[in-house]
Structures are given as C-alpha cells and as structure tokens.
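Visitor: First, the structure itself, so that you have it in front of you.
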Amino acid sequence: MTSLTESATTALQLVASLDPVLLSIVWRSLSVSGVACLLACGAGLVLGAWLGVARFPGRGAVLTLLNTFLAVPSVVVGLVVYLLLSRSGPLGFLGWLFSFQAMVLAQALLVLPVVTALTRQVVEDAESLHGEQLASLGARPLMRSLLLAWDERFALLTVVIASFGRAISEVGAVMLVGGNIDGFTRVMTTAIALETSKGDLPLALGLGLVLLGVVLVLNAITGLLRRWRESQGGVGVAMPQMGVS
C-alpha cells in the first residue's frame with residue numbers, strides 16, 4: 001500500500017510539474033491521434049453522408065460490412081497495416097514501419113468505420129424527416145447529403161469527438177506498427193503498458209491520469225452537445241464508448 005501511495009504521489013508531481021518526458025509522450029499521442037482523426041473524418045464524413053442518402057443495389061451488404069468493421073479489434077488493424085508496410089509488403093518501399101506515419105495510418109483505418117457508420121446514421125435519420133421535401137425542390141442525392149450533413153453539423157461534431165477518443169485510447173495497433181520506440185513512437189497507451197511491465201508505476205500512473213482526463217473531457221463535451229441537440233429537437237444518435245482497446 002505504501003508503494004502504491006508513493007507511486008500515486010510521484011505521478012501527481014510529474015503531472016503538476018509538467019515533466020518533460022511525460023509531456024513529450026502526451027504531445028506525440030495527441031499529434032498522432034489528431035492527424036489520424038483528421039484524415040479519417042475527411043473521408044468518413046463524406047462517405048457516411050452519401051451512404052445515408054444513396055440507394056443502390058447491394059447497399060445492405062455494404063452497411064453490413066461497414067458494421068462488421070466496427071467490431072474489428074485494433075490489433076487486427078495493426079496487423080494488416082504491419083503486413084502492408086513490412087519490407088516484403090506492397091507498401092514496404094515507403095519505409096514507414098515503426099514511424100509516426102505508420103501509427104497515423106493504423107489509427108485512421110481504425111477510426112474510419114466509426115466515423116462513416118455514425119455519420120451515415122445521422123444523415124439517414126435526417127433524410128427520413130426532410131428528404132422528401134428536398135427532393136421535391138430538385139435536390140439530387142449528393143446535394144441532399146451535403147445539405148443534411150450541414151444541417152446536422154453539431155451532431156457530426158460529436159462524431160468527430162468520439163472518433164478522436166477512439167483513436168487516442170487505442171493501444172494494439174500503434175504498438176504493432178509503431179514499435180513503442182522511446183522518443184519516436186511511444187504514445188500514452190503504449191508507454192503505460194511498457195512502464196507498468198518495467199515497474200515504473202509513477203510515470204505509468206501519470207500518463208494514465210492524463211489519458212483519463214482527456215477521455216473525460218471528450219465524453220463531457222459529447223454529452224453536452226447531445227443534450228443541447230436534443231433540446232433543439234434534433235435526432236439522437238448512439239455514441240460509442242470511449243475506452244482503451
């Protein structure tokens with residue numbers, strides 16, 4: 001108990017004193033997840049908005065496949081990216097394995113189905129309410145999807161926040177493709193795993209506190225946005241739980 005108390009006290013001191021090692025890991029984690037979220041949202045918001053309006057043969061199969069990707073473990077995504085970027089893989093010539101770029105790619109692929117599926121649900125719900133009116137005004141499916149996405153922009157903001165929470169709390173994929181190299185590819189989740197195995201509990205606890213704080217803030221913002229949207233008469237959408245995977 002004394003050891004745990006001392007470790008917790010030291011961890012709080014590391015956070016309060018803005019320890020350089022801790023800050024570098026936190027900044028790298030925020031950078032990787034931020035860039036990955038930006039890439040995934042750029043593609044996922046557009047694709048999800050289009051899927052929410054478009055009707056075509058095989059759409060049900062596409063949605064089933066999309067929902068299946070939501071349940072794929074992060075280590076499987078990491079394994080796929082590892083094989084693609086390995087020296088014998090099709091993208092091995094890039095030399096990205098065990099780099100910042102590899103971690104961004106892995107997290108972007110992990111988050112993309114989340115953004116696409118949630119955006120599709122938001123836009124499809126809006127389409128059921130306003131689609132006929134827009135169609136009667138001559139709006140084609142692509143235009144309707146863009147208009148509905150803009151109208152639901154605050155709901156889609158919660159999707160973006162949820163996707164960032166999914167990315168920053170992920171450990172399996174970045175561990176595989178990043179290699180957890182000190183000073184280069186070590187992020188909060190991988191550092192917590194490594195430092196715990198080494199017995200360096202103060203740094204692990206300090207990083208855990210920061211990660212918990214980030215996820216707590218993201219969930220609080222998401223909850224506030226959802227309640228505000230419901231108060232405005234918007235359509236609710238189920239948000240994924242943000243946790244470490």
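Computed from the coordinates by the stated procedures, all read-outs in this text should not be read as laboratory data. No experiment lies behind these values; they were computed from the predicted model shown. So basically every Cβ, Gly included, is an ideal-geometry build from the backbone, and we count neighbours across all protein chains shown.
Visitor: Just checking my list (i) 1.09; (ii) 0.99; (iii) 1.05 against Rg/Rh (Cα atoms, Kirkwood Rh) computed from this structure; which label fits?
Guide: Here the calculated entry is (iii).
Visitor: Using Cα pairs closer than 8 Å and at least 6 residues apart in sequence, work out the relative contact order for segment 2-231, in percent. Provide the component values of the computation, followed by the final result.
Guide: Values: 288 pairs, mean separation 75.5, N = 230.
Worked out over segment 2-231, it gives 33 percent.
Visitor: Follow-up question, since we're still on this one. What length, rounded to one decimal in nm, is gained on full extension from LEU79 through to LEU38, with 0.36 nm per residue of separation minus their alpha-carbon distance? Kindly include the intermediate steps, with their values, before the conclusion.
Guide: Working: separation 41, 0.36 × 41 = 14.76 nm, distance 2.21 nm.
Stretched out fully, the LEU79 to LEU38 stretch lengthens by 12.5 nm.
Visitor: Now, a different point. Taking Cα centroids, how far is segment 98-141 from segment 42-68 in Å?
Guide: 8
Visitor: How large is the helix-only mean residue ellipticity at 222 nm for the chain, computed as the sum of -39500 (n - 2.57) over DSSP H runs with n ≥ 4, divided by its residue count, in deg cm²/dmol to the nearest 500?
Guide: Result for the chain: -26000 deg cm²/dmol, rounded to the nearest 500.
Visitor: How do GLU6, GLU170 line up, fewest other C-beta atoms within 10 Å first? Intermediate results must be reported in sequence, preceding the final value.
Guide: On the way: GLU6 12, GLU170 28.
So the residues, fewest neighbours to most, are GLU6, GLU170.
Visitor: Tell me which of ALA106, LEU134, GLY213 sits at the most positive position along the dipole axis of the chain, charges placed on C-beta atoms (Lys, Arg +1; Asp, Glu -1).
Guide: Positive-most Cα among the choices belongs to LEU134.
Visitor: For the chain, return all DSSP H helices satisfying: extent of Cα atoms along own axis at least 18 Å; mean Kyte-Doolittle hydropathy at least 0.0. Walk me through the intermediate numbers first.
Guide: Values: long enough: 2-16 (21 Å, 0.64); 20-53 (48 Å, 1.74); 100-136 (48 Å, 0.72); 153-168 (22 Å, 1.57); 201-231 (44 Å, 1.31).
Flagged H segments are 2-16, 20-53, 100-136, 153-168, 201-231.
Visitor: If the chain between GLN133 and ARG59 were fully stretched, how many nm would it gain, using 0.36 nm times the residue separation less the Cα-Cα distance?
Guide: Net length gain for the segment: 24.3 nm.
Visitor: In what sequence do ASP151, ASP182 fall when counting other Cβ within 10 Å, fewest first? Please report the intermediate quantities before stating the final value.
Guide: Values: ASP151 17, ASP182 11.
Neighbour counts put them in this order, fewest first: ASP182, ASP151.
Visitor: Going 7 Å from the Cα of ILE181 along its beta-carbon direction, which residues of segment 24-48 have the amide nitrogen within less than 17 Å of the resulting point?
Guide: 25, 28-29, 32
Visitor: Please check: in the Gaussian network model of the chain (C-alpha springs, under 10 Å), which one of VAL177, VAL123, VAL72 has the largest mean-square fluctuation.
Guide: Evaluated over the chain, the most mobile residue of the options is VAL72.
Visitor: Among ILE181, ILE221, which comes first, then next, by fewest other beta-carbon atoms within 10 Å? Spell out each step's value before the answer.
Guide: Values: ILE181 11, ILE221 15.
Final ranking by Cβ density, sparse to dense: ILE181, ILE221.
Visitor: Given the options LEU22, LEU66, LEU94, state which has the largest fluctuation in a GNM of the chain using a 10 Å cut-off (strictly under) for Cα springs.
Guide: Checking each option, the largest mean-square fluctuation is seen for LEU94.
Visitor: In debye, nearest 20: dipole of the chain around its Cα centre with unit charges on the Cβ of K, R (+) and D, E (-)? Working shown, then result.
Guide: Working: 14 positive and 13 negative charges, 104 e Å.
Once rounded to the nearest 20, the dipole reads 500 debye.
Visitor: Still on this structure, I have one more. Of the residues SER88, SER169, SER145, which exhibits the maximal mean-square fluctuation in a Gaussian network model of the chain defined by a 10 Å Cα contact cut-off?
Guide: In the Gaussian network model the winner is SER88.
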